[in-house]
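K.L.:
Please read through the structure below; I'll follow up with questions.
The values are calculated or read from the model by the stated rules, or taken from the named source; none is laboratory data. These numbers come from a predicted model, not from an experiment. As a convention, Cβ positions derive from the backbone with ideal geometry for all residues, glycine included, and neighbour counts pool all protein chains shown.
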Amino acid sequence: MSQIDPSTFFDAKIAEQYDSRTERMNAVVENLHALIGLVLEDLPDNARILCVGAGTGTEIVRLAGLHPNWQFVALEPSGDMMEKCRSKLKKQGIVPRCDFIQGYLSDIAPDETFDAVLCLLVTQFVLDSKQRQAMFDSMASHLRLGGYLINAEISCDMQSTESNEMMKKWIAAQNKTTASAEEAAKSIAMMKQHVAILPSANIEAMLRKSGFGMPMLFFQSLLIHAWYSKK
């Protein structure tokens with residue numbers, strides 16, 4: 001496997017196709033975001049949310065619609081994805097409630113804190129386990145007491161006897177959510193090359209090491225898992 005550089009890997013072509021690909025997984029996406037909204041509904045009326053790897057801003061649009069006084073920081077290393085995100089939020093009238101930072105967690109001021117940090121389908125691209133742990137540690141450090149970290153990623157015990165069967169279903173899902181068999185094959189090849197798939201127990205251990213006493217797995221759709229952890 002090779003470590004991608006997200007600032008260049010997620011280029012204009014991927015940014016342009018990102019939302020249309022997501023729309024073909026609408027049932028999964030809607031369920032995940034509905035549950036995220038449920039988890040975060042006890043945050044204060046003036047909550048401030050950090051979205052790590054904000055992509056095209058889907059989670060910001062959803063949460064901004066539910067909570068008109070929430071403020072957001074979109075953190076995204078890819079300039080092309082950030083441009084797409086800014087354009088989407090502008091159409092929704094959300095830009096005045098959002099700060100945009102093209103970069104990484106290291107570009108957030110060390111003393112800046114948030115009521116929630118969202119990191120959806122991002123940490124799986126960090127292949128080095130120490131760097132991945134450092135990313136969880138950093139997100140935890142930016143949370144206010146009582147704040148939530150929500151992380152979602154592809155997860156599976158690839159050494160288990162069940163993993164082959166799960167991968168068959170995942171590939172079948174990719175074939176249904178892509179425009180062509182060629183696109184599906186590229187997606188699977190990309191995952192094998194650039195994604196570190198860990199068992200859920202490993203991810204939960206990392207969250208505990210970052211100071212979260214009880215990571216809660218609240219969502220699973222085939223390989224996609226999501227946890228919330230409260231500080």
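K.L.:
Please identify the pairs in which a residue from region 76-102 that is under 17 Å from Leu66 (Cα atoms) has its Cβ atom under 8 Å from the Cβ atom of a residue that is part of a loop (DSSP other than H, G, I, E, B) and among the hydrophobic types (A, V, I, L, M, F, W, C), counting only partners at least 6 apart or on another chain.
P.N.:
Going by the 8 Å Cβ cut-off, the qualifying pairs are Arg97/Trp70.
K.L.:
Name the single residue, out of those in region 172-193 being in contact with a Ser or Thr (Cβ under 9 Å, 6 or more places away or on another chain) and either surrounded by fewer than 12 Cβ atoms within 10 Å (Cβ to Cβ) or modelled with pLDDT of 80 or more (or both), that is nearest to Gln3 (Cα to Cα).
P.N.:
Going through the qualifying residues, I end up with Gln193.
K.L.:
Filter region 55-73 for residues that are crowded, with 21+ Cβ neighbours inside 10 Å and more than 20 Å from Trp227 (Cα to Cα); which is farthest from the chain's Cα centre (by Cα)?
P.N.:
Applying the filter and picking the extreme gives Trp70.
K.L.:
Among the residues of region 33-46, write down those that are surrounded by 17 or more Cβ atoms within 10 Å (Cβ to Cβ), in contact with a helix residue (DSSP H, G or I) (Cβ under 9 Å, 6 or more places away or on another chain) and hydrophobic (A, V, I, L, M, F, W, C).
P.N.:
Selection gives Ile36, Leu40.
K.L.:
Name the pairs whose Cβ atoms lie under 6 Å apart, with the first residue in region 204-215 and exposed (fewer than 14 other Cβ atoms within 10 Å of the Cβ) and modelled with pLDDT under 95, the second part of a helix (DSSP H, G or I) and among the aromatic types (Phe, Trp, Tyr), and 6 or more positions between them or separate chains?
P.N.:
Between residues of region 204-215 that are exposed (fewer than 14 other Cβ atoms within 10 Å of the Cβ) and modelled with pLDDT under 95 and residues that are part of a helix (DSSP H, G or I) and among the aromatic types (Phe, Trp, Tyr), there is no close pair.
K.L.:
Right, here's the next one. Inside region 204-213, can you point out the residues that are among the aliphatic types (A, V, I, L, M) and over 12 Å from Leu149 (Cβ atoms)?
P.N.:
Ala205
K.L.:
On the basis of being surrounded by fewer than 16 Cβ atoms within 10 Å (Cβ to Cβ), within 16 Å of the chain's Cα centre (by Cα), modelled with pLDDT of 95 or more and over 15 Å from Ser210 (Cβ atoms), does Gly93 make the cut?
P.N.:
When the stated conditions are applied, Gly93 does not pass them.
K.L.:
Would you check if there is a residue in region 112-123 being surrounded by fewer than 16 Cβ atoms within 10 Å (Cβ to Cβ) and either assigned to a helix (DSSP H, G or I) or at pLDDT 95 or above (or both)?
P.N.:
Looking for residues that are surrounded by fewer than 16 Cβ atoms within 10 Å (Cβ to Cβ) and either assigned to a helix (DSSP H, G or I) or at pLDDT 95 or above (or both), one finds at least one in region 112-123, hence yes.
K.L.:
Determine whether Leu145 is outside any helix (DSSP H, G or I), in contact with a Lys or Arg (Cβ under 9 Å, 6 or more places away or on another chain) and under 29 Å from Ala64 (Cβ atoms).
P.N.:
When the stated conditions are applied, Leu145 passes them.
K.L.:
Same structure, new question: Hey, can you tell me all the residues within region 31-54 that are in contact (Cβ under 8 Å) with a residue 60 or more places away in the chain and under 15 Å from the mean Cα position of the chain (by Cα)?
P.N.:
Correct list: Asn31, Leu32, Leu35, Ile36, Ile49, Leu50, Cys51, Val52, Gly53.
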